[in-house]
Every structure is written in C-alpha cells, then in structure tokens.
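Worksheet: one structure, shown below.
Derivation of every value follows stated rules applied to the coordinates shown; laboratory data play no part. What you see is a predicted model; the values in this text were computed from it and never measured. Don't worry about glycine lacking a Cβ; one is built from the backbone with ideal geometry, like all the others, and counts go over all protein chains shown.
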Amino acid sequence: MDEQFPDSGPIMGGNTPEFSVSEISGAIRRTLEGTFGRIRVRGEITEFKRYPSGHLYFSLKDEGGKLSSVVWRGTVSRLGLKPENGLEVIATGKISAYGERSSYQMVIDRLEYAGEGALLARIERLRLRLAAEGLFDAGRKRALPFLPRVIGVVTSAQGAVLHDIRTTIARRFPLPVLVWPVPVQGEGAAERIAHAIAGFDAVDGRGSVPRPDVLIVARGGGSLEDLMAFNDEVVLRAVAACRIPLISAVGHETDTTLIDFVSDCRAPTPTAAAEMAVPVRMELEAGLTQREARLRSGLARSLQLARARLDRTAASLPDLPAVVEGARRRLDDRSYRLDLALPTHMRHLRASLRSASDRLPAPQMILALRRADLARVDTACQQAMTAYINRREATLGGLRVPPAVLVSQLRACASRLAGEGGRLASLSPQAVLERGYVLVTDRKGKPLSQAAQARRAAQVVLTFADGKVAARPLPSGEAAQQILDL
C-alpha cells in the first residue's frame, strides 16, 4: 500500500524531500502494521528473558534470520504454553516498530507448539535427561498399600474423571477421598499440579485433614498439547519427591506421558487407577469367609487326630497299680538279699584279716631284731666315741691344754654331735616310717614306687616303723569292687 507523507514544506537545495525522525519512524510503523496486520510466525525461541515488570522478551529464529518478540504482562496468562529457550513454536500476533530504538518487533498474544514433532522432540530430551538422573529407576518405586485408609486425588473438579474415580471406589470399597482440584491444561496447570502433589505430601495427619495413603493424579484424554502439563519437569520432580505411593492415570489407554515413568504405578484410565487403589470389599469378605471355613475344618481335623493319638497312648500305657506292685516286690527281694549278703561279706572280711594277720611275723620277734640292731649300733658308736676321745686326749696331751678348756671343748663337741645326730635321725628312713609312711618292696627287697609294679608282683612286703607285713596285691577290677563294697 502507498503511504502518504505529510507536506514537507519548501524544498531547499534541490527536489529531495526533508522529513523529521518522528515522521519517518511513524511512517515505518504504520507501514509495518498496515502491511502485515495479524500474522503467525514459526521459529525457535532464543534469548528468553522475563523482566520484573512481568513482560517477556525473546527472539524467534530460523536458519536465515531472527525476529525480536515481546509478550506484554497482561497476555502472559493467555499464551497457551510456557516459553523457554530452544522451543520451536508458532507465534500469533502483529508486527510493530519501536521508533526510539529504530527497531521492530513482534507483539505476541498466543504461542503454540510447532507440530507434534517439536513436542515429541522436547519430551524426548527431557525424558533422557531425567532418566540419566535416575528418576525412572524401578528401585525407587514404592509398592501400593493393600488397603489404604484415605485416598488423595489430584484432578480437575469438572469433568467425568473425578466422578468415575469416586463411583469406582464407592462400588469396590467405600473409603474417604480427598480431592485437590487443579487445572489439567493451559498456562499454570503444571505448577498447580506440582503444588497439589507437594501439598498432599506435606500433610502430617495430626490435624483435621488425614494424610492420604495413596495418591491418584488423573485427567481425561486429549491431544498431545492438552497433556503437556503432565510432561512438565516441575510436575515430574514433584512426583519423584513425593513420599506417598502415587498412581498416574493421564489420558486414555494409548496415551503416554512422562509422569507415567516417574510414578510408582501407571493406570491406563482413571477408573483403572481407582481399581488399583482399593480392592473389592465383597471379594475380601468372601475370601475371609473361605479362610474361616478352612481354618475351622483344619482345627476340627487337628482335634480329631489329637484325640486319636491320646486314646492310642492311653491304651498303650501299663496298669499303674501293677507297676507299683512289681516295684514293691523287687524292693522286698533286694532288701532280703541285702540282709543275707551283709553277714557273708563281714565274714569274708574277717577271714581276709585273719589270713593277713597269720602271715605277719610276731611283734616280739620284730622287737628283738630291732633291739639287736640298736645294740650293735650303740656298741659301734661307743667304740667310735672312745677311739675319738682317745685321739683327742692324745692330741690335747701333746698340746698340754688345761683341763677346764678341755672340758669346755668336749661339751661343745658333744653338743655338735647331738645336733648332727638329730639331723641324721630326721633323714633316716626309719623316721619317715614312724610318721605313718610304708615302704613297699617285693620278695627280693626291691622297692616298688608304682601301683602297676605292685599289681604285677605275686607278693609284696610292707615295712612299717615297728615291723614288716607280707601282703598279696589285688587286681585293679577286684580292688575297685572291694572299694565299692566297703
């Protein structure tokens, strides 16, 4: 279209018109806005900035150029998606010029994803990044409780999804249901969903609001753009951080979103999610009835078997009075035999003692022998003492020692002699025998120091302090029997 410029006034220095800067800027702006009007531009978002005033500034680019763009604060809530760098979109708006900076820009009032290919590529990039962080690992998924007490539901307050969940729970097993209504698509839906999940997880159950035992995040079917709130990173991280087991039921059976990978369990439909959350009460009651019948039957069989074993055991037990009577008879028999055996044993011991005493020599003979030995020793000692005294007298006579000194020396020698005699007597075997010990020898007089040697000898001689006694050793078994009899 042709643009009509204002009258330029007189031409100075030729026929070239003269314009002010404002005139040129306004003309360009009118030309751009009048030529393009409302347009749709496809490109990739770059240089995205959100200013404190609430306005959004970014550029749309492709292989051959870049277009500056702006979204005014009042339009942000109606954009349809959240802009971010690298996102390929189709922007709807108009071209406008900014004369103060000699620049033009596109004023955008709506954004759309540039086809399913761009959406799927964005989703795949996010999936790979979160998978590398381990948010999809099977080891971090929690098992659903068998019978929850309270069920939390995050979904839209309108629509058939909430009605289907409530109806299914009431039909299978009526339980309390807490609903946190949220928008399930559009601008801000992802943040509201994440806030609801975190809010349920923050309930401690000590107040008036009980803590849910399982969460259901659900919505009905829709296009890929409609389900994008459940592919948003803020929702996925809220699900991963939730400590309550969570079931995702987004879309129909063929729809798949990233929340299905992060959640603990994925249901193909919201109704199936309710069926996963609670069992069928009638089936549980029937199972309990069946188990009760089996337990009663098993208990009755166990009691019958126990009674049968008790009857068999009672039949195999002997007659108690007969057992007592038999024991009494055996006791009387042992008592009678003991009365007979005791005198016989005493007679046997007396005979053994008499036989041993007959083999012993007479005490008078032993004393006579010992007196003869002592007399010989005394005679020998007197002779030795006389000879010693004579030698000492001869020695002293040669030295001419005074009698008083000699007497003193003799007394000292006598004292030493008496002391040595005492020591000799303490070391004498006879002194040992007098303390109660016995010297055991064989017939040839060889001392026997071990019991085994004494048992092998046919006869041993026991030497006491006052005489000798001949004895016959008993074998080990017989000796043990003699000890037991004693």
Between the Cα axis of helix 403-426 and the main Cα principal axis of the chain, the angle (0 to 90°, nearest 10) is 60 degrees
Shape descriptors of segment 214-296 over alpha-carbon atoms, Rg and Dmax in angstrom, are 16.9, 59
Going by alpha carbons, how many degrees (0 to 90, nearest 10) lie between the helix axis of 189-202 and the longest principal axis of the chain?
-> 30 degrees
Taking 7 Å along the Cα-to-C-beta vector as the label spot, tell me the V438-D339 distance in nanometres, rounded to one decimal.
-> 3.7 nm
Between helix 115-133 and the chain: long-axis angle, C-alpha atoms, 0 to 90°, nearest 10 | 20 degrees
Translational D in µm²/s for the chain (Stokes-Einstein at 25 °C, 0.890 mPa s, Kirkwood Rh from C-alpha pairs) = 66 µm²/s
Where labels lie 7 Å past Cα in the beta-carbon direction, separation of T395 and Y104 in nm | 15.7 nm
If you rank L288, L119 by fewest surrounding Cβ atoms within 10 Å, what's the result?
-> L288, L119
What residues qualify as long-range amide H neighbours of L67, i.e. H under 5 Å apart, gap of 5 or more or another chain, H built at 1.01 Å from N?
-> L60, K61
The answer for V214, listing residues at least 5 apart or on another chain whose modeled amide H is closer than 5 Å to its amide H, is V150, G152
For segment 54-65, Karplus couplings with θ = phi - 60° (6.51, -1.76, 1.60), whole Hz, Gly/Pro x = x, 6, 10, 10, 7, 10, 9, 9, 9, 5, x, x
For segment 306-315, Karplus couplings with θ = phi - 60° (6.51, -1.76, 1.60), whole Hz, Gly/Pro x = 5, 5, 5, 5, 5, 5, 5, 5, 5, 5
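Please report, in debye to the nearest 20, how large the charge dipole of the chain is about its Cα centre when each Lys and Arg carries +1 at its beta carbon and each Asp and Glu carries -1 there.
Values: 67 positive and 53 negative charges, 1169 e Å.
My answer is approximately 5620 debye.
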Given H placed on each backbone N at 1.01 Å, which residues far from Y104 in sequence or on other chains put an amide H within less than 5 Å of it?
-> Y98
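Based only on other Cβ atoms within 10 Å, what is the fewest-to-most ordering of I244, I169? Don't skip to the answer; put the middle values down first.
On the way: I244 18, I169 21.
Taking fewest neighbouring Cβ atoms as first place, the list is I244, I169.
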